[in-house]
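Here the structure comes first, spelled out in structure tokens, and everything after it is commentary.
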């Protein structure tokens, strides 16, 4: 690998690390829990989450999966930047399972209208 590829790789890795740190913060705030509380509830020291989001550390794979479980997201949902509130989406989806076809079609139309107004 030449020096340019190494630099490009370093940039990509740094972007992923930044995404992980920011995503943990975003989802933690949606859950309305402090860094200290989350750290302790995950069975770590008070500053564990702070050390991750501040850039001093990254979680290992097992710790990452524990964080996802704590935040009530799958790893796939964690890495999807378009899902801003995965827990709310799951809850809403569960409620929609109790609706009949006509009601679901009505909700689908409302969603289309909302998305159309976002553009």
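Laid out as a table, the results:
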{"item": "Test result for residue 58, at negative phi, modelled with pLDDT of 95 or more and not assigned by TED's automatic domain parsing to the domain that holds residue 115", "result": "no"}
{"item": "Test: residue 37 is out of contact with any strand residue (DSSP E or B) (no Cβ under 8 Å at 6 or more places or on another chain), under 17 Å from residue 71 (Cβ atoms) and in contact (Cβ under 8 Å) with a residue 12 or more places away in the chain", "result": "no"}
{"item": "Matching residues in the stretch 30-50 - criterion: being assigned to a helix (DSSP H, G or I) and either modelled with pLDDT of 95 or more or surrounded by fewer than 11 Cβ atoms within 10 Å (Cβ to Cβ) (or both)", "result": "35, 36, 37, 38, 39, 40, 41, 48, 49, 50"}
{"item": "Condition broken by residue 63, with the remaining ones in (1) closer than 13 Å to residue 27 by Cα; (2) surrounded by 12 or more Cβ atoms within 10 Å (Cβ to Cβ) satisfied", "result": "(1)"}
{"item": "Residue tally, condition modelled with pLDDT of 90 or more, out of contact with any helix residue (DSSP H, G or I) (no Cβ under 7 Å at 6 or more places or on another chain) and surrounded by 13 or more Cβ atoms within 10 Å (Cβ to Cβ), over the stretch 66-93", "result": "3"}
{"item": "Residue in the stretch 94-106 that is within 18 Å of the chain's Cα centre (by Cα), free of Cβ contacts under 8 Å to residues at least 12 places away in the same chain and surrounded by fewer than 12 Cβ atoms within 10 Å (Cβ to Cβ) present", "result": "no"}
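The values are calculated or read from the model by the stated rules, or taken from the named source; none is laboratory data. All values reported here derive from a predicted model rather than from experimental measurement. Don't worry about glycine lacking a Cβ; one is built from the backbone with ideal geometry, like all the others, and counts go over all protein chains shown.
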